[in-house]
Amino acid sequence: MHGVMGKPPGAATDNIATSKVMLLMLVVMTGVAPISLYMLVPALPVLATTFSRDISIAQMTVSLYMVGIALSQLIMGPLSDKFGRRPVLLAGLGLMVAAGIGSVFAENLPQLIAARFFQALGGASGMVISRAIIRDLYPRERVGAMISLVVAALMIAQMVSPLTGGLLETAFGWRAILYLITAASLTITIFIALALPETRRDRAESSSFRGDLGKLMRSRAFVGYMLCQVLASQIIFAFAGGGPYIVVMQMGRTSAEYGAWFATTGFAYLVGNLLCVRFAPRHSLEKLIWFGLVLQVGGSLLNLIWSLTGVNQAPLWLFGTQMIVMVANAFVMANSAAGAISIRPEAAGTASGAMGFLQQGIGSLISQFGAYLGGHTTTTLPLTSAIFAISLACTCTMIFIVPRRNVVVSERRIEQAEEEGSGMM
């Protein structure tokens, strides 16, 4: 029975974990919210014209959507620990379907903005719960590879989603995008309802969100891995915020050319995730993180040097070197996320939610900061300096916070060591 609570039997777990259907479910539940975000972006100017509102108001269909994603991470993760992955995920996707129907029939822009917010609040449940499901099904050393595999498949879909949205708007009007998003979310909800079993581990009845979060925050390893993952993600937000202004305003290129160059960083991130999947079976999680950190610092330092010498005032140098950073970033983000959600497997949803909330919340601020650096300066130096500083801060979390694995050699020993060392925080 799909609705049975608790962890499936060993054989069933192995069958689920190796199933291609499970991989497909992980990809679609992770991707439905971000893909829905990017699909509507090309239609923003049309929305502003249709409703006779300023483009900044139309932009709120994106900005408040991102707020919904951040809040969903904080809410849905702990709920999935308490009530199970399956019911919370289905409730979230159900909310996305209902909000999608509301968006289709929105008569003004405020109604559409509100509907999009609830779309994100429900749909992003898949982003946070997918990481928890991965931790439920796979051992610690395989979690990073599975996250990378899901992200790699998702990146391909995200690359084509703005193009799909643009073609739909041109051919059938902007509401066609909302029809497709609603139909897709309904299809995914039915698919999950029919195919996804409950994967949550058995847990004590006395467990609570406050107790789980308190134990996690007293764990040096969790805090270190979480900060490492969150800081690594800020490199993406900073570069995405400042890149358009540098390319268009400083370098005098077109926005279309910027889009083409920015796609190279997405491709590099995809390659990094695929390499992570390939190397994960032969190397420990910590080694993969350190490989990524060294390459990330090296790439960001190289871009900083190019800024000091004035070389990367051409897109080829700026984006070519940033591609190195993005390959490294994939190693750091996937494996540090795996480390964070593996500290207390029974509270993987809470861990995933806290990490996702910080990533999105801080990311919105860093994106604005990156835009300021790119739009109010005449060189790439401020932005590349900021990215280099974030890379160093990311590395410092592994050096000074995360306990050494040569001392802690098992998950149980890790838990004991963190309980003993929590007083050092």
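The values are calculated or read from the model by the stated rules, or taken from the named source; none is laboratory data. Given the structure is predicted, the values throughout are model-derived calculations rather than measurements. Here Cβ is always computed from backbone atoms with ideal geometry, including for glycine, and neighbour counts include all displayed protein chains. For accessibility, only protein heavy atoms count, side chains too; no ligands or nucleic acids. Shrake-Rupley method; radii C 1.70, N 1.55, O 1.52, S 1.80 Å.
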**Prompt:** Would you say residue 355 is assigned to a helix (DSSP H, G or I), in contact (Cβ under 8 Å) with a residue 60 or more places away in the chain, closer than 23 Å to residue 278 by Cα and not basic (Lys, Arg)?
**Reply:** no
**Prompt:** Do we have residue 145 as in contact (Cβ under 8 Å) with a residue 60 or more places away in the chain and within 28 Å of residue 354 (Cα to Cα) here?
**Reply:** yes
**Message:** So, residue 245, is that one in a helix (DSSP H, G or I), more than 23 Å from residue 399 (Cα to Cα) and open to solvent by 50 Å² or more (accessible area, probe 1.4 Å) or not?
**Reply:** yes
**Request:** Search the range 284-343 for residues being surrounded by fewer than 18 Cβ atoms within 10 Å (Cβ to Cβ), part of a helix (DSSP H, G or I) and polar (S, T, N, Q), and hand back the single one that is modelled with the highest pLDDT.
**Result:** 309
**Fill in**
Going through (1) more than 14 Å from the chain's Cα centre (by Cα); (2) among the aliphatic types (A, V, I, L, M); (3) farther than 30 Å from residue 59 by Cα one by one, residue 332 fails only at (1)
**Message:** Return the pair list, or none, for Cβ contacts closer than 7 Å from residues in the range 234-256 that are modelled with pLDDT of 85 or more to residues that are of a type in the set (Val, Ile, Thr) and surrounded by fewer than 16 Cβ atoms within 10 Å (Cβ to Cβ), at least 6 apart or on different chains.
**Reply:** 250/378
**Asked** Hey, among the residues in the range 374-386 that are part of a helix (DSSP H, G or I) and modelled with pLDDT of 90 or more, which one's surrounded by the most Cβ atoms within 10 Å (Cβ to Cβ)?
**Response** 384
**Asked** Only one of these conditions is not met by residue 144: (1) more than 17 Å from residue 345 (Cβ to Cβ); (2) open to solvent by less than 10 Å² (accessible area, probe 1.4 Å). Which number is it?
**Response** (1)
**Asked** Looking at the range 251-267, which of its residues are among the polar types (S, T, N, Q), in a helix (DSSP H, G or I) and open to solvent by 40 Å² or more (accessible area, probe 1.4 Å)?
**Response** 255
**Given (1) open to solvent by 10 Å² or more (accessible area, probe 1.4 Å); (2) more than 23 Å from residue 303 (Cα to Cα); (3) among the small types (Gly, Ala, Ser), index of the condition residue 356 fails** = (1)
